[in-house]
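This report refers to the structure that appears directly beneath it.
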Amino acid sequence: MIKLVNVTKSFDSQVVLNNLTLEVPPGKITAVIGPSGEGKSVLLKHMIGLLRPESGEVLVEGEDITRMGRGSLNRVREKFGMLFQNAALFDSMTVFENVAFPLEEKTRLSATEIRDKVHEALGHVGLKGIDKKYPDELSGGMKKRVGLARALLLNPKIVLFDEPTTGLDPIICRAIHQLIKDTHARFGFTAVVVSHEIPEIFDFTDHVAMLYRGEILEMGTPAEIQRSTHPVVRQFITGSLEGPIRFV
Amino acid sequence: MPNPVEQLGALSLSLLREMGRMVNFLVYALYKIISSPGKPIHILKQLYFIGAKSFFVIFLTASFTGMVLGLQGYYTLTKFGSEGMLGSAVALSLIRELGPVLSALMVTGRAGSAITAEIGIMKITEQIDALRTMALEPFKYLVSPKIVGAVIAVPLLCAIFDVVGIYGGYLVGVKLLGVNPGAYFHEMEKSVEWKDVYSGIIKSISFGVIISWVCCYKGYYAGHGAEGVSRATTSAVVMSSVLVLIWDYFLTSILL
């Protein structure tokens with residue numbers, strides 16, 4: 001479904017992705033874990049063509065999106081939905097307008113059909129009666145759920161989650177994870193979740209990849225990753241201060 | 001440490017790159033206006049924002065500009081015994097020069113800065129990326145409607161500026177200083193030609209392009225965080241205003 005082959009990306013002189021290769025299995029939830037600032041979001045943005053690598057290939061259903069023009073890239077992006085770290089809701093629009101926006105712009109549905117679909121999508125994420133609220137009137141968890149409703153509205157084949165639970169309390173955090181699991185079970189999309197929520201991430205994902213210094217150190221099932229003997233992986237999942245991962 | 005020649009070279013290259021990027025931005029925005037014009041509601045919203053909401057500031061500026069022109073013109077013209085020419089002097093100054101330039105500067109301050117801040121905030125909060133991930137073209141929603149809106153709104157605001165300014169001059173010249181009202185309008189009618197009016201319109205249209213282009217560009221490429229947006233906004237207002245004045249000189253020399 002998504003395959004990154006020998007992808008290298010740097011900003012100024014700092015190499016963020018270093019000859020990285022990763023294959024995301026179709027129809028599964030794959031988590032990308034790793035310390036903050038290691039390029040997890042950069043990796044996600046390469047998958048949807050928001051960033052282009054200096055070298056390497058990003059294959060989405062066999063097509064290399066790194067060499068595509070805007071038109072072809074938009075055709076590939078039709079397959080995607082994305083939930084951003086801060087939800088990226090349009091702050092001058094109400095919740096209803098935010099969720100309705102892709103339908104209004106990309107379909108020829110009537111106003112009634114759009115209204116029904118928006119209410120259905122908001123119902124899926126457990127939000128009702130907040131149509132007229134603006135994003136700045138919502139809590140962090142509510143914003144993420146509205147973002148998720150918007151991302152899932154056009155039934156994407158692939159959904160990317162960029163740190164969906166950062167900054168949320170443990171209960172909302174668990175609720176969002178459950179929501180990802182439930183919506184995945186309902187819609188069957190391929191999901192890539194960037195997160196450093198350990199150990200919660202192991203509860204609802206099918207595969208986990210550890211990103212460190214621009215490379216995928218290990219990839220496997222949650223159980224395999226938890227049994228890993230790699231010192232970097234071990235230090236990260238145990239949250240130990242001692243080990244090869246340096247922090248400032 | 002790089003030598004001064006290297007520094008100058010690097011600065012020149014960076015300026016050239018920036019200019020190239022700005023021109024590319026404008027060309028792509030114009031291409032998008034033609035190739036996928038989008039829904040009229042997006043343009044109407046911009047017309048309301050850039051045009052209708054600037055009405056009050058334009059009205060106020062135009063009134064006082066006209067009044068000052070009336071005062072200054074009267075005292076200069078009385079020296080030559082030609083105060084009857086006041087209407088003509090006020091109208092020509094406004095229609096040819098002050099109307100287009102001052103209305104453009106007012107729109108830059110009121111709407112241009114807001115355009116840069118809006119797009120800049122959308123950029124730093126990943127709202128532009130969100131549009132891209134939905135396979136929607138950001139230019140279609142954020143840039144093209146603003147350029148079309150400005151190209152329509154700025155000449156209309158300029159026309160309002162001219163009319164209000166002429167009546168401001170009338171108020172001071174005729175009502176306060178006693179110039180003959182018939183002479184005020186008759187001299188104006190005799191001296192203002194169609195060429196003066198259309199040169200003002202052409203200037204306004206081009207100023208509309210400059211303001212929307214520079215302000216959208218600066219917002220689209222705003223730096224990081226609140227400081228980045230603040231810098232972009234300042235830079236957009238300064239650059240738009242300076243470009244309006246420079247372009248005004250060149251257009252005037254062509255259209256005279």
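Among the residues of the range A:125-140, the ones that are under 24 Å from A:K181 (Cα atoms) and either crowded, with 18+ Cβ neighbours inside 10 Å or of a type in the set (D, E) (or both) come to 3 in all.
Are there any pairs with C-beta distances below 7 angstrom linking a residue in the range A:151-170 that is among the hydrophobic types (A, V, I, L, M, F, W, C) to a residue that is open to solvent by 20 Å² or more (accessible area, probe 1.4 Å), with the two at least 6 apart or on different chains, and if so which? That search, which allows pairs on different chains as well, returns A:L152/A:F187; A:L153/A:K117; A:L154/A:K106; A:I158/A:M1; A:I158/A:K79; A:L168/A:G140.
Return a yes/no flag: does the range B:77-86 have any residue that is within 30 Å of B:V143 (Cβ to Cβ), buried (at least 21 other Cβ atoms within 10 Å of the Cβ) and over 15 Å from the mean Cα position of the chain (by Cα).
Of the range B:77-86, the ones within 30 Å of B:V143 (Cβ to Cβ) are none.
Scanning the range B:77-86 turns up no residue that is within 30 Å of B:V143 (Cβ to Cβ), buried (at least 21 other Cβ atoms within 10 Å of the Cβ) and over 15 Å from the mean Cα position of the chain (by Cα).
Applying the condition of being closer than 30 Å to A:S13 by Cα and at pLDDT below 85 to the range A:193-214 and asking which residue is surrounded by the most Cβ atoms within 10 Å (Cβ to Cβ) yields A:E197. A:E218 falls short on exactly one of the conditions (1) open to solvent by 40 Å² or more (accessible area, probe 1.4 Å); (2) not in a strand (DSSP E or B), and that condition is (2). Of the residues contained in the range A:109-122, none is found to be within 12 Å of chain B (Cβ to nearest Cβ), surrounded by fewer than 23 Cβ atoms within 10 Å (Cβ to Cβ) and of a type outside the set (K, R).
Taking the range B:215-232 as the search range and keeping residues that are open to solvent by 70 Å² or more (accessible area, probe 1.4 Å) and not hydroxyl-bearing (S, T, Y), which one is farthest from the chain's Cα centre (by Cα)? Quick ask: steps written out before the conclusion?
Narrowing the range B:215-232 to residues open to solvent by 70 Å² or more (accessible area, probe 1.4 Å): B:221, B:224, B:226-227, B:231.
Applying the additional criterion that residues be not hydroxyl-bearing (S, T, Y) yields B:224, B:226-227, B:231.
Values: B:H224: 27, B:A226: 26, B:E227: 25, B:R231: 20 Å.
The residue in question is B:H224.
Based on this model, can you work out whether B:V151 counts as open to solvent by less than 10 Å² (accessible area, probe 1.4 Å), among the β-branched types (V, I, T) and away from chain A (no Cβ under 14 Å)? Even if it seems obvious, please write down each step before you answer.
Working: open to solvent by less than 10 Å² (accessible area, probe 1.4 Å): no; among the β-branched types (V, I, T): yes; away from chain A (no Cβ under 14 Å): yes.
Considered against the rule, which asks whether it is open to solvent by less than 10 Å² (accessible area, probe 1.4 Å), among the β-branched types (V, I, T) and away from chain A (no Cβ under 14 Å), B:V151 comes out as no.
For the range A:14-27, does any single residue satisfy the condition of being within 14 Å of another protein chain (Cβ to nearest Cβ) and either in contact (Cβ under 8 Å) with a residue 40 or more places away in the chain or open to solvent by less than 30 Å² (accessible area, probe 1.4 Å) (or both)?
At the first step, the residues of the range A:14-27 found to be within 14 Å of another protein chain (Cβ to nearest Cβ) are none.
Checked the range A:14-27: no residue is within 14 Å of another protein chain (Cβ to nearest Cβ) and either in contact (Cβ under 8 Å) with a residue 40 or more places away in the chain or open to solvent by less than 30 Å² (accessible area, probe 1.4 Å) (or both).
Inside the range A:28-56, can you point out the residues that are assigned to a loop (DSSP other than H, G, I, E, B), more than 13 Å from chain B (Cβ to nearest Cβ) and either in contact with a strand residue (DSSP E or B) (Cβ under 8 Å, 6 or more places away or on another chain) or at negative phi (or both)?
Within the range A:28-56, the first condition is being assigned to a loop (DSSP other than H, G, I, E, B), and the residues that meet it are A:28, A:34-39, A:48-54.
Next, only the ones that are more than 13 Å from chain B (Cβ to nearest Cβ) stay: A:28, A:34-39, A:53-54.
A:K28, A:G34, A:P35, A:S36, A:E38, A:G39, A:P53, A:E54, listed by residue number.
Checking each residue in the range A:47-59 for being out of contact with any Lys or Arg (no Cβ under 7 Å at 6 or more places or on another chain) and within 18 Å of A:P25 (Cα to Cα) picks out A:M47, A:E57, A:V58.
When you look at B:F161, is it part of a helix (DSSP H, G or I), modelled with pLDDT of 95 or more and within 17 Å of the chain's Cα centre (by Cα), yes or no? Break it down stepwise before answering.
Values: part of a helix (DSSP H, G or I): yes; modelled with pLDDT of 95 or more: yes; within 17 Å of the chain's Cα centre (by Cα): yes.
Judged against the criteria, B:F161 is a match.
Against the condition within 23 Å of A:N74 (Cα to Cα), more than 13 Å from chain B (Cβ to nearest Cβ) and touching a Leu at 6+ places or on another chain (Cβ under 9 Å), how does A:L138 come out, does it pass? Explain how you work it out, then say what you get.
Details: within 23 Å of A:N74 (Cα to Cα): no; more than 13 Å from chain B (Cβ to nearest Cβ): yes; touching a Leu at 6+ places or on another chain (Cβ under 9 Å): yes.
No; evaluated as a whole, the condition is false for this residue.
If only residues of the range A:60-99 that are among the basic types (K, R) and closer than 13 Å to B:R132 by Cα are counted, the one that is farthest from the other protein chains (Cβ to nearest Cβ) is A:K79. Selection of the range B:201-221 for residues being under 11 Å from B:K146 (Cα atoms) and at pLDDT below 95 yields an empty set.
Quick grid of which residues meet (1) of a type in the set (K, R); (2) under 18 Å from B:V209 (Cα atoms); (3) touching a residue at least 24 places away in the same chain (Cβ under 8 Å):
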residue	(1), (2), (3)
B:G20	no, yes, no
B:F25	no, yes, yes
B:Y48	no, yes, no
B:Y75	no, no, no
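Got at least one residue in the range A:91-98 being open to solvent by less than 40 Å² (accessible area, probe 1.4 Å) and either closer than 19 Å to A:V193 by Cα or modelled with pLDDT under 90 (or both)? Break it down into steps so the answer makes sense when it comes.
Let us first name the residues in the range A:91-98 that are open to solvent by less than 40 Å² (accessible area, probe 1.4 Å), namely A:94-95, A:98.
Applying the additional criterion that residues be either closer than 19 Å to A:V193 by Cα or modelled with pLDDT under 90 (or both) yields none.
Checked the range A:91-98: no residue is open to solvent by less than 40 Å² (accessible area, probe 1.4 Å) and either closer than 19 Å to A:V193 by Cα or modelled with pLDDT under 90 (or both).
Would you mind finding the one in B:S235, B:S212 that is in contact (Cβ under 8 Å) with a residue 12 or more places away in the chain and open to solvent by less than 10 Å² (accessible area, probe 1.4 Å)?
Working: B:S235 fails: open to solvent by less than 10 Å² (accessible area, probe 1.4 Å).
Answer to the selection: B:S212.
Here B:M67 clears all of (1) within 30 Å of B:S88 (Cβ to Cβ); (2) surrounded by fewer than 16 Cβ atoms within 10 Å (Cβ to Cβ) except the condition numbered (2). Hey, among the residues in the range B:107-133 that are more than 30 Å from A:G49 (Cβ to Cβ) and surrounded by fewer than 22 Cβ atoms within 10 Å (Cβ to Cβ), which one's nearest to the other protein chains (Cβ to nearest Cβ)? Only one residue fits best here, namely B:A114.
Within the range B:87-106, how many residues turn out to be basic (K, R) and either open to solvent by less than 30 Å² (accessible area, probe 1.4 Å) or on the phi > 0 side of the Ramachandran plot (or both)?
Step one: of the range B:87-106, the residues basic (K, R) are B:96.
Still in the running and either open to solvent by less than 30 Å² (accessible area, probe 1.4 Å) or on the phi > 0 side of the Ramachandran plot (or both): none.
Number of matching residues: 0.
Could you list, in sequence order, all residues of the range A:4-27 that are among the hydroxyl-bearing types (S, T, Y) and part of a loop (DSSP other than H, G, I, E, B)? A:S13 - this is the single residue of the range A:4-27 that is among the hydroxyl-bearing types (S, T, Y) and part of a loop (DSSP other than H, G, I, E, B).
The values are calculated or read from the model by the stated rules, or taken from the named source; none is laboratory data. These numbers come from a predicted model, not from an experiment. Positions of Cβ are backbone-derived with ideal geometry, glycine not excepted, and every protein chain shown enters the neighbour counts. What goes into the accessible areas is simple: the full protein's heavy atoms, side chains included, and nothing from ligands, DNA or RNA. Shrake-Rupley method; radii C 1.70, N 1.55, O 1.52, S 1.80 Å.
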